[in-house]
1. Would you work out which of B:N40, B:T56, B:V171 lies farthest towards the positive end of the dipole of the range B:24-182, given +1 charges on the beta-carbon of Lys and Arg and -1 on that of Asp and Glu, about the Cα centre?
2. How far, in degrees from 0 to 90, does helix B:435-444 lean away from the longest principal axis of the Cα atoms of chain B, to the nearest 10?
3. As I understand it, the value is the acute angle between the Cα axis of helix B:372-388 and the longest principal axis of the Cα atoms of chain B; what does it come to in degrees, rounded to 10?
4. Once you charge only the Cβ atoms, +1 for Lys and Arg and -1 for Asp and Glu, what is the size of the charge dipole of chain B about its Cα centre, to the nearest 20 debye?
5. Tell me, what is the 1.4 Å probe accessible area of B:R59, in Å² to the nearest 10?
6. Per residue of the range B:473-485, what does 6.51 cos²θ - 1.76 cosθ + 1.60 with θ = phi - 60° give for ³J(HN,Hα)? Whole Hz please, x for Gly and Pro, Karplus curve as stated.
7. Could you work out the equivalent-ellipsoid semi-axes for the range B:197-281, taking the square root of 5 times each eigenvalue of the Cα gyration tensor, largest first, in whole Å?
8. Relative contact order of chain B, please, whole-number percent, based on alpha carbon pairs below 8 angstrom and at least 6 residues apart.
Amino acid sequence: MAKPNGMDCSLIDLQTGEHALMVDMRGGKGLVGRLTSLGFTPGVELTMIQNMGRGPLIVLVRDTRIALGRGEAAQILVKRNDR
Amino acid sequence: MKEIAQDFVPIATAKTINEHKTPLIALAGQPNMGKSTLFNLLTGLNQHVGNWSGKTVERREGTFALNGQTVRLVDLPGTYSLTANSPEEVIAREFILREQPDVVVALVSAANLERSLYLVAELISLPSPLIVALNMLDVAEQEGLRIDVEILQAALGVPVVPLVATRAQGVQELLNVIRNVLNGETVLMPRLPEIRADHRQALREISHLISGYVPDPYPTEWVALKLLEGDSELTQLMQRQLPEEVEQAVHNILIQHDDALMAVASGRYEWIGRIIRAAVERPPIGQISLTEKLDRWAAHPFWGLILLGLVLGVVFWVTFSIGSPIQEWLTTHGIGGLASWVSAALQNAPAWTRSLVVDGILGGVGSVLTFLPILAIFFGAFGLLEDVGYMARAAYVMDNFMHLMGLHGKSFLPLFLGFGCNVPAVMGSRVIDSEKSRLLTILVTPFIPCTARLAVVAFIAAAFFGRYATVVSLGYVVLSIVVLFLSGIFLNRLIFKGERSAFIMEMPLYHIPNWRTVGLLVWQRSLAFIQKAGTTILSFSIVLWVLTVLPNGKLESSYLALFGHWIEPIGNLMGLDWRLTVALLSSFVAKENAIATLGIVLGSGEGTALAQTLIAAYSHASALAFLAATMLFVPCAATVAVMRQETGSWKWTFLNISFMLIVSFAFSGAIYWIATSLEV
Ligand SMILES: Nc1nc2c(ncn2[C@@H]2O[C@H](COP(=O)(O)OP(=O)(O)OP(=O)(O)O)[C@@H](O)[C@H]2O)c(=O)[nH]1
Ligand SMILES: [Mg+2]
């Protein structure tokens, strides 16, 4: 894998198929509230199902596939994780 | 586990059912857990679908018999949590706190226990007895998940009942458990989640500060927790309730714990995690699921769009190839037959009653109802795609495109539905969770050519353009979509300043359709359409009929004709004489009325006779202009009524009407002008 493990990046930086642990989330209360109730909490494992470089992406979190706009995904900070 | 638990009164035991009151049961759960499936199963047709007061969220309530006793059942809206992120969440929690149901049945998915228990983590802290219905066991089994119900039950401290709602498995057991909780035989000892240690102190302080100021029916602890979570509604409420200095003290604590929202959520997930580890056995991961395989195509940015195009093509082809012949049959034999029967039956009645019933009511409402088969087929296809899980993929691949107009991926669903009928489409905009995108979707939906408009276009195009009719009709469909697209961009810039709305959507697993669910969707959407036909369209048909017969019973000198002559100068700009103008105006009652009205004002009846009269009377340029005007003209009366209902204001409704009026005049005027210059 080209990018080193362990550095924080944003969810949109993950390539299709990469795994990561969520570190933190920015953004307003409304966005954070909705995302946490869908399972995005610090420490949770995320898998990028589809990220085509543009358009919304699909992330697997707690066995649920969630489609996220790039703006929303950019607010989620993650740490790459190779399992 | 104790700390919070102590402050909440252990509920079930404290509550005794009121003997003379009908027991009230609420179904709660995250979206797609099977609430409505269970609700329909229990209540059958003893249900009423309405709205939650003042909200555009569907409210379903019904009754069923439990051991000979009638109980009320309410299907709460699906919500991921109970924090005020959306109207649905506020409705669900307000209902539980204010109406104090005797039992809340929380549906969770056995196939996705971790996520779906999140709402249970919230519900279990509320003062109504809770029963967990572990639904979708069949799906869990397929995926090789094994769930120990006993352990789950012990860990939650409330009854857990396994269920497969679609096959009605486990329903009797669920009813028994409900009965036992209602009559106090089963005592609940709910075990509540607690929040992360570093925020526990803060929670206690806030509870202490606000105690005594919290209005009924809210539990103090719960409000304190919601304040920590930054809940907008309760923050506002408490700002009104608390004295200045207390509010300041609370505010200071909240500022120090501004990450509390995630801490509270983490706490709940830790609680869930412990339960899951004890109760669920997972197969080793490895095989690629069906959903994943299908999504490689269905959610692909390129192939997904191609697939969507194919799906739409098939839906339209099926709808019209089956539906159109039925509609024609209904028009000639159904309504036509009924009309001659009524004419005969009313032979001795005054002529005006016959005219009212035959021309006014049967001509208006009757011809609208002939569209029902087409709509039912279309709704069926749409409901099937929805139920299988495909619609989320359609929304996903359309999101980029929709955002160009300030719409939302999910806007695609109502817009697609609009090809059937704009009325359910406007109501269908409820699926969009961004208020701005929802409003914008409602404003552009009437540009989608519905089946009724397509019928008018098909008729006129066939009359004037012979073998090019299909090309011409298709051209007008494309024109409508282009106009919709441009209008979306324009209105988004003008009203909403181009602000982008968030896109967050669950992509459910694909599953085999449930015929009862699809059938019920078709039934309810058709029923809504029939109700509109019976109310709005009926009254407008009568008004229109009155305008055609007053003052002296002759159409040529009626008020309608008078009005047509009066505004003819405007119609002339688009190559429309007073007859075409009146036909266009009458399409406001119902789009397909345009044809019937032309039949009346040209005195030639319908069908081929009318087509020949039309060709003799009008130029191709006028026909082209009339088609553009018909496609883009103001929404029909029924659509206007639901627009008012769904936007909650006349302001947006009138904005849409005037906008469409201008657009339709501009386009048909331009088309007339171009066509005459080119001497078509
Ligand atoms: N396989 C399977 N499917 C089910 C079961 N229960 C419900 N479904 C399906 O799950 C889908 C969602 O069911 P609904 O009853 O509409 O879910 P809901 O909880 O009312 O959803 P919202 O109204 O969106 O909150 C439907 O397609 C049902 O047919 C079940 O036990 N097994
Ligand atoms: Mg439902």
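The values are calculated or read from the model by the stated rules, or taken from the named source; none is laboratory data. Not measured: the values here are computed from a predicted model. Cβ sites come from the backbone with ideal geometry, for glycine too, and all protein chains shown count toward neighbours. Please note that ligands, DNA and RNA were not included when accessible areas were found on the heavy atoms of the full protein model with its side chains. Shrake-Rupley method; radii C 1.70, N 1.55, O 1.52, S 1.80 Å.
1. The Cα lying farthest towards the positive end belongs to B:T56.
2. With rounding to tens, the tilt is 20 degrees.
3. Taking Cα atoms only, the helix is inclined about 30 degrees.
4. So the magnitude is around 1340 debye.
5. So the heavy atoms of B:R59 present about 60 Å² to solvent.
6. Rounded to whole hertz, the list is 4, 4, x, 6, 5, 4, 4, 4, 5, 5, 5, 4, 4.
7. With the √(5λ) rule applied to the range B:197-281, the semi-axes are 28, 14, 10 Å.
8. Taking the mean separation of contacting Cα pairs over the length of chain B, I get 10 percent.
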